[in-house]
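See structure below.
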Amino acid sequence: NIREMDCTTFVETILALALTIEQGKTSFEDFAGNLAFLRYREAYPNGYASRLHYFSEWMHLHTQQGLLELLSDQIGSQAFDNRVSFMSTNPEAYKQLSDPVLVQLIKEAEKAVSVQKMNYLPKEEIRELEKYIQNGDIIAFTTDIEGLDVSHTGFAYFREDRLHLLHASTRSNSVEISPVPLSDYLSGMGRVTGILVARVK
């Protein structure tokens, strides 16, 4: 469905379209193949637990594959606490997790994610460091919600030499550019601690 998206599926869809264009391909099947490559741990759907549910794992895996460069590892000053457990400790929030077998598979995936090392940019430092970010870089909001890594994602978009966010907004239910620079946009979000940044290679 390329008409109705949340923040993550928006990023995945746009990147899958860009990859398809870069490859000189035009069919929906080509696009769907690229989308599966981005969305699933083994590049194809193999059950609910095969999806990259945690966005930090999504970024880490595609960095290992050479698709992304994790820019926040280079310019971020703080080590990111990447311990995740939100899905397995809140299975009632996911209709697919009524199956205890799936909950156990998710727990195993969470253990692997939780040992991944990366840095992030605290939101107080974004204004100073935004000069190192480019249009089209993928931005993910880190959060202090227990057991969760990322609460929102989108693309870097510069307007009048200031960093904004192009994203699928849950507030407006539309794709939009943040009305104010990202550093200001995040200042009032108490649960957001900073950002991860990845560049498509």
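Here are some notes:
- Whenever a residue of the stretch 64-80 is of a type in the set (S, T, N, Q), its partners that are in a strand (DSSP E or B), lying with C-beta atoms within less than 6 angstrom and at least six residues away or across chains, give the pairs SER72/ASN119; SER72/TYR120; SER72/LEU121; SER72/LEU196; SER72/VAL197; GLN78/TYR120; GLN78/PRO122.
- The requirement of being closer than 23 Å to ASN82 by Cβ and small (Gly, Ala, Ser) is fulfilled nowhere in the stretch 2-24; no residue meets it.
- Candidates VAL103, VAL84, VAL115 - the one that is within 16 Å of ARG41 (Cβ to Cβ) and open to solvent by less than 30 Å² (accessible area, probe 1.4 Å): VAL84
- Residue count for the stretch 174-191, restricted to those that are open to solvent by 60 Å² or more (accessible area, probe 1.4 Å) and within 18 Å of the chain's Cα centre (by Cα): 2
- For first residues located in the stretch 139-155 and over 14 Å from MET189 (Cα atoms), partners that are open to solvent by 30 Å² or more (accessible area, probe 1.4 Å) and in a strand (DSSP E or B) and lie 6+ apart or on another chain with Cβ distances below 6 Å form the pairs GLY154/LEU166; PHE155/LEU166.
The values are calculated or read from the model by the stated rules, or taken from the named source; none is laboratory data. Note that this is a predicted model, so its numbers are computed, not measured. Note that we place each Cβ from the backbone using ideal geometry, even for glycine, and neighbour counts take in every protein chain shown. Accessible surface is based on the protein model in full, side chains and every heavy atom, while ligands, DNA and RNA are left aside. Shrake-Rupley method; radii C 1.70, N 1.55, O 1.52, S 1.80 Å.
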